[in-house]
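To start, the structure itself, in structure tokens.
The values are calculated or read from the model by the stated rules, or taken from the named source; none is laboratory data. These numbers come from a predicted model, not from an experiment. No Cβ is skipped: glycine too gets one built from the backbone with ideal geometry, and neighbour counts run over all protein chains shown. Heavy atoms of the whole protein, side chains included, go into the accessibility calculation; ligands, DNA and RNA do not. Shrake-Rupley method; radii C 1.70, N 1.55, O 1.52, S 1.80 Å.
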Amino acid sequence: MTDLLQLDDPYDRRIARGATGVLAEFNAAGVLTSADVRVATRVSDVVGETSEDVRLAFALTVRAVRNGSTCIELAELVAELGADTPELPWPADPVAWHREVSRSRLVDADVPVLRVDHRLVYLDRYFELETELCSDLVGRSQLTPPTPAADLLASDLARLFPGEGYAEQRSAADGAARRWTTILTGGPGTGKTTALARLLAVLASQATAAGAPPLRVALAAPTGKAAARMKEAVAAVSEAGGFTDDERTWLRGLEASTLHRLLGFRPDNSTRFRHDRRHRLPHDVVVVDESSMVSLTLMARLVEAVRPDSRLLLVGDPDQLASIEAGSVLRDLVGGWTDGPTSPVAQLVSEHRFGDEIGTLASAVRDGDADRAIEVLRAGHPSVRLIGGDHLTETVQQLVLPGARAMRAAAEVGDVEGALAELDRHRLLCAHREGPFGAQTWNDQVERWLDEDTGYTLGRPWFAGRPVLVTENDRGLRLYNGDTGITVPAGDGLAVVIAEEERRRFAPSRLGAVHTAYAMTVHRSQGSQFNHVSVLLPDDDSRLLTRELLYTALTRAQSSVTLIGSEDAVRAAIETRVLRASGLAERLGEALSESAGK
């Protein structure tokens, strides 16, 4: 699905002024942005590429990366976009177009700008990232596997994964103990964290029996919030039965961080890290939670930094939204490893956390069963509701304002923990960031309601009870994308308490990129859990309304979920998939088959 619009105002910022020919026509139709056109024009001028068709292919490849793909297939693009824009001058023969691109100066330059690999066209950077990641993963699969002490492994698995209730997790842990790479997948409530914590205890037991030093374990996630949740969840699992006192102490002491912090920031390079192929991570086990959120760039940098004799555990749900950057890596890895006996993919399917209604609805959405999803929503169970959007303002007010008031009241009397508890009790999730269905719009509206409560003395933008969401990493303050907090009185002013394991206070003036957090986008919610979730569905023609977005939103809820919108919007979401072009799954499958045949 794509936004197609006719841009008639010559002063519209979306118009690439001065552009001519084919690129100008595609820009005016809204297929290409002005940035797509500028990049294609400037770089083509530098290398001396004059063909308008080649320049168009270049601009479309830039567009694809901007929309989350890592490559394009020209024939497929003509079939899809060309059907929506038959008035545009698409090349008549996609095969000849592909051939012309493969012979162009952009491909043959001393430093290639484009790469053509079979039927796919890449920007050079993403081709290199994809091939490097594939090579590193195949290389890890070819290493001599670890050989655990068989008797000890059997007894530890029986102790830590007792009975049929742990059968899936036990099988996953058994396989992970015998591999350098493991991909542990499953939806929320399937026991991924339980399997992970108990697996770590198994691996620690093996290291102790072998006389090795204590395992050095890195727990990491794409956002600070997701990292903190993983640490808390692992510690909580350790309180259950089966663990020794030493294992509980060790698991509770494990630290978690963002992937960026784990790899080490470099002040001279925003896409490279201190730990890389030449300076590997020192850890014996590297665990990455919420792996579906990891972009191609970040995953390639991570895998190259992991020592060959270290275990890599990727944990996540491939059916959730992928990274906001290019790539759908977790889904590609699961799809590329198709050989069951040698595959490192361990899929958990039995749900343990959800009530029947949320789990059933999420499963119906994940499986693309719109009729079943509507049936669940019509059943009238209080934990799963669909409310029409005819009276949107009143509906949002009823759902969000009571919690916002409780948050402000707790903060004003200095009850930090009470305010933080309210912050995690409910969240309004939106597909859009701006516009009538956007998170920013409803955050502003909630603040106006609170201002009316106080007789317009709230003192926006900063006031006691304002919930905040960090949206960019700040190395100096050790604040990371996804961290949340609450604003409280502090002396004669205000302070923001960040809600991580250690409660840290900051003056509002020290904080950079933060948003109010009564509402947030579904993308921003990944890695978080809330007792109650309300999901604001946009009109059924929104390009952001997809199956993956709805599934991700539903699975943020622990106790109840309320959808605000129409049945048509629910159906439109379920019937629309996020389609990201990538060659990683196919490349990985071919490389694994080739290595197995040697």
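So the values come out like this:
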item: Gap separating the Cα centres of segment 110-131 and segment 375-447, nearest whole Å; result: 44 Å
item: Among ALA92, SER104, GLN142 - extreme Cα towards positive end, dipole of segment 88-146, charges at beta-carbon; result: ALA92
item: Long-range Cα-Cα pairs in segment 55-176 (distance over 22 Å), rounded percent; result: 56 percent
item: Dimensions (Å) - segment 495-537, Cα atoms, principal axes, largest first; result: 35, 21, 14
item: Gyration tensor (alpha-carbon) shape descriptor, segment 448-598, a/c threshold 1.5; result: oblate
item: Tail weight of P(r) past 17 Å, computed on alpha-carbon pairs of segment 507-574, percent; result: 47 percent
item: In segment 5-111, the GluC sites (Glu not before Pro) that fall in loop regions by DSSP, at most 10 other Cβ within 10 Å; result: GLU87
item: The chain - accessible surface per residue (Å², probe 1.4 Å); result: 43 Å²
item: Computed [θ] at 222 nm, deg cm²/dmol, the chain (DSSP H ≥ 4; -39,500 (n - 2.57); rounded to nearest 500); result: -13500 deg cm²/dmol
item: Most positive-pole-ward Cα, ALA236, LEU251, ALA218, against dipole of segment 214-255 from beta carbon charges; result: ALA218
item: Selection of chymotrypsin sites (Phe, Trp or Tyr not before Pro), segment 397-484, meeting DSSP coil and at most 15 other Cβ within 10 Å; result: TYR456
item: Viscosity 1.306 mPa s, temperature 10 °C, Stokes-Einstein D of segment 283-438 from Kirkwood C-alpha radius, µm²/s; result: 81 µm²/s
item: For q = 0.19 Å⁻¹, Debye-computed log10 I/I(0) when each Cα of segment 69-109 counts as one equal scatterer; result: -0.62
item: Protein-only accessible surface order, largest first, of SER135, SER383 at 1.4 Å; result: SER135, SER383
item: Unit charges at the beta carbon, dipole of segment 419-554: most positive-side option, PHE437, ILE498, LEU537; result: ILE498
item: Relative contact order of segment 110-209, defined on C-alpha pairs under 8 angstrom at six or more residues apart (%); result: 25 percent
item: Within segment 425-560: Cβ-based charge dipole about Cα centre, in debye rounded to nearest 20 (Lys, Arg +1; Asp, Glu -1); result: 400 debye
item: Prolate/oblate/rounded label for segment 203-261 (Cα gyration tensor, a/c 1.5); result: oblate
item: Spatial extent of segment 388-483: Rg and Dmax, with the Cα atoms as the point set, Å; result: 14.3, 46
item: Cα centre as origin, Lys/Arg/Asp/Glu Cβ charges: segment 269-417 dipole, Debye; result: 740 debye
item: Test item: Cα-centred dipole of the chain, Lys/Arg +1 and Asp/Glu -1 on Cβ, debye; result: 1860 debye
item: Loop trypsin sites (Lys or Arg not before Pro), segment 182-285, which have at most 14 other Cβ atoms in a 10 Å radius of their Cβ (DSSP); result: ARG216, ARG272, ARG274, ARG277, ARG278
item: Per-selection metrics, the chain (Cα): Rg and Dmax in Å; result: 25.3, 77
item: Net charge of neighbours whose Cβ lies under 13 Å from the Cβ of GLU447, counting Lys and Arg as +1 and Asp and Glu as -1; result: +1
item: DSSP beta bridge pairing in the chain, given as percent antiparallel to the nearest 5; result: 35 percent
